[in-house]
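The values are calculated or read from the model by the stated rules, or taken from the named source; none is laboratory data. On a predicted model such as this, the values are computed, not experimentally measured, just so you know. Note: ideal-geometry Cβ built from the backbone for every residue, glycine included; neighbour counts use all protein chains shown. Side chains included, ligands, DNA and RNA excluded: accessible areas come from the protein's heavy atoms. Shrake-Rupley method; radii C 1.70, N 1.55, O 1.52, S 1.80 Å.
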Amino acid sequence: MNIFFFLTLLIFPLSSMASDSSSKNFAALIFGIFVLVTLLITYFASKKNFNKSNYYAAGGKISGLQNGLAIAGDYMSAASFLGISGLVFFSGFDGLIYSIGFLVGWPIILFLIAEKLKNLGKYTFADVTSTRLTQSKIRILSASGTLVTVIFYLIAQMVGAGSLIQILFGLPYYYAIWIVGLLMIIYVSFGGMIATTWVQIIKAILLILGATALAVMVLNDYSFSIGKLLEEASNVHPEKKSILYPGKLISDPISAISLGVALIFGTAGLPHILMRFFTVPDAKSSRISAFYATTFIGYFYILTFIIGFGAIIFLTNNNDYLDPNNNLIGSNNMAAIHLSHALGGDIFLGFISAVAFATILAVVSGLTLAGASAIGRDFYVYVIKKGKSDEKKEILVSKISSVFLGIIAIVLGIIFQGQNVAFMVGLAFAVAASTNFPILFLTISWKNLTTNGAMYGGFIGLFSALLFVFLGPTVWVETLGFKNAIFPYKYPGLFSMSISFFSIIIISLIDKKNRDEKRFMELTKKSYLESK
Amino acid sequence: MNKKINDNNLEKLIFYSNLISYLLSFIVLILYFSFILILGFKPELFHKTLPNSSITYGIFSGLFIIIISVFLTFIYVVLSNLFLDKLKK
């Protein structure tokens, strides 16, 4: 296990070497402590990871509150912390549209799937679909849905990580990508779900504390009145009052609805989130964890809103943070980071930077574990070995897959350097909403669903989401340089999800002879009662 | 829901938990999509401000949806813990 200590030693001197101010030293110190603690956890977890239950589901021993924090940690990525506060800084109200969409998926997850997931499944959401559908077929689809979602999400996170760390710590892009990639491989392959969960919990607490402190410092100057804060912000912002109501983000109703659909139902189909519901002991804890997660996430989005408006007040016209063209140094995504410096000086900037780095690390680890489980369990054991594989081999394949995914993330992170990858998060959500969510939802609620319906319909949903993004304005026009988009909307969610549901239902109805009502009844019974 | 499950309690459990789950989901979706539809079709509705404040209807309803979502998950947990869990026995 010397590798853990070796790595920590490596990070300390290099990050302080690369830094030139006290904030960077402090950030490196805080981040160094975070890495040290999480590697220690990984070291202890690695001694326990001899069985599947520990590796995939932390032995089912995570409490409701802990899991709520871990889920919130998985969901509050650097993209939502820096991205949404940056969007609010840039355009005010429009930033709120994203936060609401990201949040509203949560009550739906709690009401419709959280408990049933725990009662029906063991380690991956494909366990749930295969309680009534034919394993080998449906797991190909679930594994594909998981991997596509995970890989696009990973690329977006890695590219964001590289450029963010470059700005925050002054490290070269490649170096940052390698640090993130290697640490994530170590957490996931040695520490499994136990380490990944604790990394997530620690990071969630740090992020909530940091964001709270930032918001309190902003509100403190406006006697804790949102009204006064908004008034001052609209006086300062070049677009004045118009930042307080809908702006350019939503240009037409169809796009608005389509974005909303992808955000809500995509959340309910994100594999790394769904996986967390298996780490608790029973359905009641699963319910409670979804409640805590919703509370933390909701609170966090209100904070990012306050932080964004605070940034308008404290950073606009402040030459310390603007480049000669009057843009924020290092892009709008740096709004929260600069604000921490403006309000709390070098030390607080260091703290927030370290938290942002820890956030990226934790989120990519969660994603990698979900992807590795899809390969090791769904694909290797049930598709290739037809369910006949021993536990040791299954874990070994999952661990190798996590290394493999880590390397893919590093390579893709380097390939996509400097590209606009924001659409990839949207794509991940669209695929999750058009593949994972429909099959999961129909598995637990529709008695006429058949394996063929779910599999072919699910693949149609998957490919239509990919195709619509490819032919849409972001890839076809902005990336490939064609003049007009073949698919006119930026967000394909509404269309690809409808196509998916429609195909699954039609194919299942045609495939009447393979209907299995008995298995559906057993599933229904099991989904409402504890599985012990 | 299904006649072949003879257990009375189970039928009751399924009925009430579906009722609660779908009703609450429906409320959340209605609130959210009304917000989205106003954004899409009549964004000017969100321009007005609350009396004596800089808070616009848009910002108010946005923050309201976040808070009500958290509140509804709380309601769901209370109903499940106090009522539905008893039917499971």
Report summary line: Given the candidates A:Phe348, A:Val35, A:Val397, the one whose Cα lies deepest towards the positive end of the charge dipole of chain A, counting +1 at each Lys or Arg C-beta and -1 at each Asp or Glu C-beta, is A:Val397
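Determine the dipole magnitude for region A:328-403: charges of +1 sit on the beta-carbon of Lys and Arg, -1 on that of Asp and Glu, nothing else is charged, the reference point is the Cα centre, and the result goes in debye to the nearest 20.
Values: 7 positive and 5 negative charges, 106 e Å.
My answer is approximately 520 debye.
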Report summary line: Asked for the total accessible area buried by A and B (1.4 Å probe, Å², nearest 100), one would answer 4300
Requested in this report: Would you be so kind as to identify which of A:Leu480, A:Phe224, A:Gln166 lies farthest towards the positive end of the dipole of the protein assembly as shown, taking Lys and Arg as +1 and Asp and Glu as -1 on Cβ and the Cα centre as origin?
Outcome: A:Leu480
Report task. Using a 10 Å cut-off on Cβ atoms, rank the peptides A:365-378, A:213-226, A:89-102 from the highest mean neighbour count down. Result -> A:365-378, A:89-102, A:213-226
Requested in this report: Order the peptides A:334-342, A:243-251, B:26-34 from the highest to the lowest mean number of other Cβ atoms within 10 Å of their residues.
Outcome: A:334-342, A:243-251, B:26-34
Report task. Compute the distance in nm between two label points, each set 7 Å from the Cα along the Cα-to-Cβ direction, one at B:Leu82 and one at A:Ile205. Result -> 3.2
Report task. Give me a single rounded figure for B:24-37: the average over its residues of other chain Cβ atoms within 10 Å of their Cβ. Result -> 5
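Compute the orientation-averaged projected area for region A:306-357 from the convex hull of its Cα atoms and round it to one decimal in nm².
Mean shadow area of the hull around the Cα atoms is 3.4 nm².
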Report task. Over chain A, with every protein chain in place, what whole percent of the accessible area is carbon and sulfur at 1.4 Å, could you tell me? Result -> 66
**Report entry** Range of Cα positions in chain B per principal axis (Å), largest first
**Finding:** 58, 26, 13
Report summary line: Taking Cα atoms, the helix A:22-46 axis meets the longest principal axis of chain A at an angle in degrees (rounded to 10) of 20
Report task. Only Lys, Arg, Asp and Glu count, each charged at its Cβ (+1, +1, -1, -1), so figure out the dipole size of the protein assembly as shown about its Cα centre, rounded to 20 debye. Result -> 2640
Query raised in the report: Hey, what D do you get for region A:131-222 in µm²/s if you plug the Kirkwood alpha-carbon radius into Stokes-Einstein at 10 °C and 1.306 mPa s?
Result: 96
Query raised in the report: Which whole-number value in Å² is the accessible area per residue of region A:321-429, probe 1.4 Å?
Result: 38
Report task. Per residue of B:60-71, count partner chain C-beta atoms within 10 Å of its C-beta, then hand back the mean as an integer. Result -> 6
Report task. Specify which residue in the list A:Ser496, A:Ala268, A:Ile138 is farthest towards the positive end of the charge dipole of the protein assembly as shown, using unit charges on the beta carbon of Lys, Arg (+1) and Asp, Glu (-1), about the Cα centre. Result -> A:Ile138
Report summary line: Both in Å, the radius of gyration and Dmax of the C-alpha trace of chain A are 22.7, 71
**Report entry** Average other protein chain Cβ within 10 Å of Cβ, residues A:96-105
**Finding:** 5
Report task. For region A:171-328, list log₁₀ I(q)/I(0) at each q in 0.08, 0.09, 0.11, 0.19 Å⁻¹, using the Debye formula over Cα point scatterers of equal strength and ignoring solvent, two decimals each. Result -> -0.39, -0.49, -0.73, -1.26
Query raised in the report: Among B:55-61, A:117-123, how do they line up from the highest to the lowest mean number of other beta-carbon atoms within 10 Å?
Result: A:117-123, B:55-61
Query raised in the report: Can you give the three extents of the C-alpha atoms in region A:408-532 along their principal axes, from longest to shortest, in whole Å?
Result: 53, 34, 20
Query raised in the report: Residue-wise, which Karplus ³J(HN,Hα) couplings in Hz belong to region A:103-119, taking 6.51 cos²θ - 1.76 cosθ + 1.60, θ = phi - 60°, and x for glycine or proline?
Result: 7, 5, x, 5, x, 5, 4, 4, 5, 9, 10, 3, 6, 5, 4, 5, 5
